[in-house]
Amino acid sequence: AQRVTQPEKLLSVFKGAPVELKCNYSYSGSPELFWYVQYSRQRLQLLLRHISRESIKGFTADLNKGETSFHLKKPFAQEEDSAMYYCALNPGAGSYQLTFGKGTKLSVIP
Amino acid sequence: DGGITQSPKYLFRKEGQNVTLSCEQNLNHDAMYWYRQDPGQGLRLIYYSQIVNDFQKGDIAEGYSVSREKKESFPLTVTSAQKNPTAFYLCASSSGTGTYEQYFGPGTRLTVT
């Protein structure tokens, strides 16, 4: 069975500082990885997925199959980035299931 | 703010009673999902449905039941067999497999006393 680990429950950074939210996974196949975000009083929503290789709101994430990681990065944190971030894995091969990590709460200090 | 709706926002029940949570979507999505969200636990999949009249158990299906009689609707019943029913429940839908974006509802907070 697949597993997603987000080692930090809470991450606090100052505005303008770089941000890295860690995500490690365990799965023997070729998974697809996602980052979902939940801002205060808003619904959980997709931030980005590794297959699209795009930057959303300044965030990027690279899938490192050797290290089985999918860390989320942003060079300069903004106050509006404060939110709960969840890493998620889909096993691929037509699977409908998403396995979520426990989440990391990012707090950007003004 | 249509898309996917859940009702009610807050629900209170006495222990031993079954309770049904509503989830409706107007996105014409084939797949629908139910998750449970507990503090520090992330989201855990309860049930999912790929098409009408079909559904599969997720990781924590015990004590829950679902139906999918219409494409738009995927109600979740929390039965008295669920040992720790108090939680935040999220419904989601997607247009296809797990590679597709899941769209989430606002959630229902269930409190059982």
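Here's the picture: charge each Lys and Arg Cβ at +1 and each Asp and Glu Cβ at -1 in region B:1-48, and of B:Gln6, B:Leu45, B:Asn18 the one pushed furthest to the positive end of that dipole is B:Asn18.
Taking each residue in B:87-98, count the Cβ atoms of any other chain within 10 Å of its Cβ, then average. What number comes out?
Values: counts 0, 0, 0, 3, 0, 3, 0, 3, 0, 2, 9, 15.
Counting Cβ atoms of other protein chains within 10 Å of each residue's Cβ and averaging gives 3.
Counting other C-beta atoms within 10 Å, which of A:Met84, B:Met32 has the fewest, and how do the rest follow?
Final ranking by Cβ density, sparse to dense: A:Met84, B:Met32.
Net charge in the neighbourhood of B:Gly58 (other residues with Cβ under 12 Å of its Cβ; Lys, Arg +1, Asp, Glu -1) is +1.
Going highest first, how would you order B:3-13, A:89-99 by mean Cβ packing within 10 Å?
Details: B:3-13: 14.5, A:89-99: 19.2.
Going by the mean number of other Cβ atoms within 10 Å, highest first, we get A:89-99, B:3-13.
Shape index of chain B: Rg/Rh, with Rg the Cα radius of gyration and Rh the Kirkwood radius from the inverse mean 1/r over Cα pairs, equals 0.94. Of the cross-linked pairs A:Lys102/B:Lys57; A:Lys9/B:Lys14; B:Lys14/B:Lys57; A:Lys73/B:Lys57; A:Lys22/B:Lys9, those separated by over 29 Å at the C-alpha level are A:Lys9/B:Lys14; A:Lys73/B:Lys57; A:Lys22/B:Lys9. Take each residue in A:28-38, count the other chain C-beta atoms within 10 Å of its C-beta, and the mean is 2.
Hey, how many Å between the Cα centroid of region B:35-113 and the Cα centroid of region A:37-110? A separation of 21 Å, based on Cα centres. Convert 37 °C to kelvin, take the viscosity as 0.692 mPa s, use the Kirkwood radius over C-alpha pairs of chain A as Rh, and evaluate the Stokes-Einstein diffusion coefficient in µm²/s, rounded to a whole number. For the chosen part, D equals 234 µm²/s.
None of the figures in this text is laboratory data; all of them are computed from the coordinates on show. In this text the structure is predicted, and so the values were computed from the model without any measurement. Cβ atoms come from the backbone with ideal geometry, glycine included; neighbour counts cover every protein chain shown.
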